[in-house]
Amino acid sequence: MEWTQRLRMRQLYLLVALYETRNVSHTATQMGVTQPGLSKWLSELEEDLHVKLFKRNSRGLTPTEFCTALVTHARAIIGELDRTQATIRLMSVGVSGNLVVGTTPTVATGLVPRAARFFRKRFPDAYLNIIENRLDTLLPQLEEGRVDLVITRTDQARLDAGVRCDILYPEQIRIAVGPNHPLAKKRKVDWPDVLRYPWIIPPKVSPLRRELEHELALAGQPSPRYRVETGSTLVIVTMLQDGDLVAPMSAQLMQYFHALKQVVPLPLPYLREGSIGVIRRRETTESPMLKAFMEGLRMHAVS
């Protein structure tokens, strides 16, 4: 009998836990098994595979390349089964199916809600779950099958071979201030003018943060005086209302809040142009619901 036929779901969870903790004792305690039993199972699995999954050392376990590959597939299997369980639970209460959409704050305000409205017209009985988070959190969930697609800035995203990326529209970075900021009513502003003020900055892993750094480098400007770090659009817009803070935003997001008279874009000499796109798993068959949401994204990306 092949080892794959003997493998049980609980053993996949054990393998993932070992990979994450790098420690047999901690994993045994966490998963409610004995340490000798866990060690024996791991040795038998390595014998079946004819490879070493971990290198043993005084500090614990170090995963090998074989372990990393196996855990990647294990997480995908676990993710798919969790999604299946959630779908069945939702269908039992009258829902026709579910779609999970990941989005970064860059596009959460404008494009995604419009695409969601389009989707709801096509599938009024479906369950739509929209998750707003950082890209480094959403991509692993996409790879594990817990998220169906991710909408984000793509020009600075680091993607692997297991996903595909479709560009929706070009996007530029913009620098915004509150309506009462000293620069808000100036018709001509240059980078040295803005850099005199304190800034709100996205987290280091944010594509918008990297885009800002590229823009400043092209302009030959130093880093701003960062005083607040947050990925929350609500926090940024609220903090801009009073005081002298400055914040980078995507152009579309800035236009949305500018129309509400909550932020003011500064007329700086921008040089770079990025892009907004949708990231999906490469080897996944598109469901009718996913196709409908993609149609909504493409329709409203050019409107």
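The values are calculated or read from the model by the stated rules, or taken from the named source; none is laboratory data. Just so it is clear, the model here is predicted, and its values are computed rather than measured. For neighbour counting, all protein chains shown are included, and Cβ atoms are generated from backbone atoms with ideal geometry for every residue, glycine included. Calculation scope for accessible area: heavy atoms of the full protein, side chains included, ligands and nucleic acids excluded. Shrake-Rupley method; radii C 1.70, N 1.55, O 1.52, S 1.80 Å.
Here are the numbers for this structure:
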read-out	value
Segment 143-176, subset of a type in the set (A, V, I, L, M) and surrounded by fewer than 19 Cβ atoms within 10 Å (Cβ to Cβ), residue modelled with the highest pLDDT	167
Search result, residues across segment 246-285 that are hydrophobic (A, V, I, L, M, F, W, C) and assigned to a helix (DSSP H, G or I)	251, 253, 254, 257, 259
Helices (runs of 4 or more DSSP H) within segment 1-102 that include 1 or more residues open to solvent by less than 50 Å² (accessible area, probe 1.4 Å) and hydroxyl-bearing (Ser, Thr, Tyr)	9-21, 24-31, 35-49, 65-91
Set 231, 243: member being closer than 23 Å to residue 114 by Cβ, part of a loop (DSSP other than H, G, I, E, B), modelled with pLDDT under 95 and open to solvent by less than 80 Å² (accessible area, probe 1.4 Å)	231
Residue tally, condition open to solvent by less than 30 Å² (accessible area, probe 1.4 Å), in a loop (DSSP other than H, G, I, E, B) and either within 13 Å of residue 243 (Cα to Cα) or not β-branched (Val, Ile, Thr) (or both), over segment 177-218	8
Meets criteria (exposed (fewer than 14 other Cβ atoms within 10 Å of the Cβ) and assigned to a loop (DSSP other than H, G, I, E, B)) for residue 140	no
Selection within segment 110-129 - open to solvent by less than 30 Å² (accessible area, probe 1.4 Å) and part of a loop (DSSP other than H, G, I, E, B)	110, 126
Subset of segment 60-94 [farther than 28 Å from residue 47 by Cβ and either in contact with a Leu (Cβ under 7 Å, 6 or more places away or on another chain) or free of Cβ contacts under 8 Å to residues at least 60 places away in the same chain (or both)]	84, 85, 86, 87, 88, 89, 90, 91, 92, 93, 94
